[in-house]
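A short worksheet on the structure shown next.
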Amino acid sequence: MYLKFYGLLEKPFNATPDPRFLYMSPGHREALAQLHYGTQERKGFIVLTGRVGTGKTTLLHALRQRLDGHTAVSFLFNSTLPFDDMLEYILADLGVTKGEESRAQRIMAFNDFLIERERARQNTVLIIDEAQNLSAETMEQVRLLSNFETTTTKLLQILLVGQPELKAKLDLPELRQLKQRIGLRCQIPPLTAEEARQYIRNRLRIAGARDLGIFTDAAIERMTDYSGGIPRILNILGDHCLLFGYADQIRRIDRASVTETIEYMEEGMPTQRGIFSFGRSAPRRRSQWFVKTSMFALAVAAVGLALTYDAGVVNLIESLRRVVMP
């Protein structure tokens, strides 16, 4: 809707983990370097943590692009699966042929697969996203997979990726053996105000914007305060700001526009950590704009259905447009 108005080729603030839009803040750059080093040097267990929305999954997709062609990767998104289902998914993801075997037979097939890859000087990586959801029992079963090793190297590199709660879970007494096997730890911090500014401009540039100053510095400062430096919240807020800016035909999104957008968003969007103290009434003209747009769309649909073959339908629609959206 707003792409042409702002000179964009695509939406700059999509919530999908597209590695093309990855902004390499110092924190992201350091984490990606550690992940790449840990997998290439076969450190065994590697743990990556970060708050919700900091870009962990996007970073993992970027890691997969950086790994060479000799590295096979299984990416497990559903961490709530029982271990047997996880094992079945991993084997299928890696292309390991199997029948209706028992767990022991599947583990033996997995071991044979890893040994063959080691003989061919090829690496294998298992990534478990949202690992904070794993039960202690499942984590212990995952730990046992790290027993795939020779006297000189680990056959399977395991990345446990999750929210800060993952750290607390790894401190459980029953997981002390797993904790001792962690070869590398890294984390992604929230963005600073300057990093948020570069983040927004980076996404605008990749989306094709000729003008990277669509958001003023004051607007970005307000966005950073609201989001706490969390990229996902910046994306949601940025998309809303562009939509409302288009509705008002505003070429520059300033601090007041951001504040007004936040007020509108918070009517149907929970505050983050309870630290935002904005009012709960949406700006009147925002509501009016959406109401008018909806009324016009409904009126056009109704007239189109009732008078499909009426020669005067075009004039009637134009009349409705002037009444509903003057």
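The values are calculated or read from the model by the stated rules, or taken from the named source; none is laboratory data. Note that the coordinates shown come from a computational prediction; the quantities given were computed from them, not determined experimentally. Glycine also receives a Cβ, built like all others from the backbone with ideal geometry; neighbour counts cover every protein chain displayed.
What the table below lists for this structure:
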read-out	value
One residue from Tyr199, Tyr264 being at pLDDT below 95 and aromatic (Phe, Trp, Tyr)	Tyr264
Residue in the stretch 210-247 that is farthest from Gly55 (Cα to Cα), counting only those that are without any contact (Cβ under 8 Å) to a residue 24 or more places away in the chain and among the charged types (D, E, K, R)	Asp217
Within the stretch 1-117, helices (runs of 4 or more DSSP H) holding 3 or more residues that are more than 18 Å from Leu156 (Cα to Cα)	3-6, 26-40, 56-66
Residue in the stretch 44-65 that is over 13 Å from Asp129 (Cβ atoms) and free of Cβ contacts under 8 Å to residues at least 40 places away in the same chain present	no
Wholly within the stretch 124-215, helices (runs of 4 or more DSSP H) carrying at least 3 residues that are in contact with a Pro (Cβ under 8 Å, 6 or more places away or on another chain) and assigned by TED's automatic domain parsing to the domain that holds Leu237	193-206
Some residue of the stretch 83-104 being aromatic (Phe, Trp, Tyr) and within 19 Å of Leu32 (Cα to Cα)	no
Selected residue [basic (Lys, Arg), farther than 22 Å from Leu67 by Cα and either free of Cβ contacts under 8 Å to residues at least 60 places away in the same chain or buried (at least 21 other Cβ atoms within 10 Å of the Cβ) (or both)] from Arg106, Arg121	Arg106
Residue ID - surrounded by the fewest Cβ atoms within 10 Å (Cβ to Cβ), chosen from residues in the stretch 202-216 that are under 14 Å from Asp254 (Cα atoms) and at pLDDT 95 or above	Thr216
In the stretch 238-250, the residues that are buried (at least 22 other Cβ atoms within 10 Å of the Cβ) and of a type in the set (A, V, I, L, M)	Leu242
